[in-house]
């Protein structure tokens, strides 16, 4: 397992365009924050689906790398998202990820997305990652 700062540095270096913050890294879990700006919005005054999907995908990646180390070539093989309610356009989005299965070649996790300050999730995500063979 790597520590939170090492993973935060990796994200800042390898994915500066993601503009996310690693809030928590735990056993089989991670919480990320996305500060919502104008470019994250869609017509109707809500956060866009691609912004939510990208944050959920990053949360899965963070939780997995927190367990297996900085394996950059771990990749998404499936991502299923259910949009539950309209996210607030003027609040950060939080992604809470929990890994359900972490095997040698596949990892499966679920992510709940929240508008900060609201206990009801705005989306629920289940994703699968392929983990490359370790040499």
Task: Scan of the stretch 20-36 for residues that are outside any strand (DSSP E or B) and either touching a helix residue (DSSP H, G or I) at 6+ places or on another chain (Cβ under 7 Å) or surrounded by fewer than 18 Cβ atoms within 10 Å (Cβ to Cβ) (or both), ordered by number - done: 27, 28, 35
Task: Hits in the stretch 78-99 - residues which are exposed (fewer than 13 other Cβ atoms within 10 Å of the Cβ) and touching a strand residue (DSSP E or B) at 6+ places or on another chain (Cβ under 7 Å) - done: 78, 80, 82, 86
Task: Criterion (at pLDDT 95 or above, over 14 Å from the mean Cα position of the chain (by Cα) and in a loop (DSSP other than H, G, I, E, B)) met by exactly one of 86, 101 - done: 86
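Looking at the stretch 37-57, which of its residues are surrounded by 23 or more Cβ atoms within 10 Å (Cβ to Cβ) and free of Cβ contacts under 8 Å to residues at least 60 places away in the same chain? Explain how you work it out, then say what you get.
Of the stretch 37-57, the ones surrounded by 23 or more Cβ atoms within 10 Å (Cβ to Cβ) are 47, 52, 55-56.
Of everything in the stretch 37-57, just one residue is surrounded by 23 or more Cβ atoms within 10 Å (Cβ to Cβ) and free of Cβ contacts under 8 Å to residues at least 60 places away in the same chain, namely 55.
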TODO: Give the stretch 38-59 a look and list any residue that's under 21 Å from residue 81 (Cβ atoms) and more than 14 Å from the chain's Cα centre (by Cα), or say none.
DONE: 39, 40, 41, 42, 43, 44, 45, 46, 47, 48
TODO: Evaluate the stretch 60-68: report whether one residue or more is touching a residue at least 12 places away in the same chain (Cβ under 8 Å), closer than 25 Å to residue 102 by Cα, in a helix (DSSP H, G or I) and more than 15 Å from the chain's Cα centre (by Cα).
DONE: yes
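The values are calculated or read from the model by the stated rules, or taken from the named source; none is laboratory data. Not measured: the values here are computed from a predicted model. Heads up, the Cβs are rebuilt from the backbone with ideal geometry, glycines too, and the neighbour counts pull from every protein chain shown.
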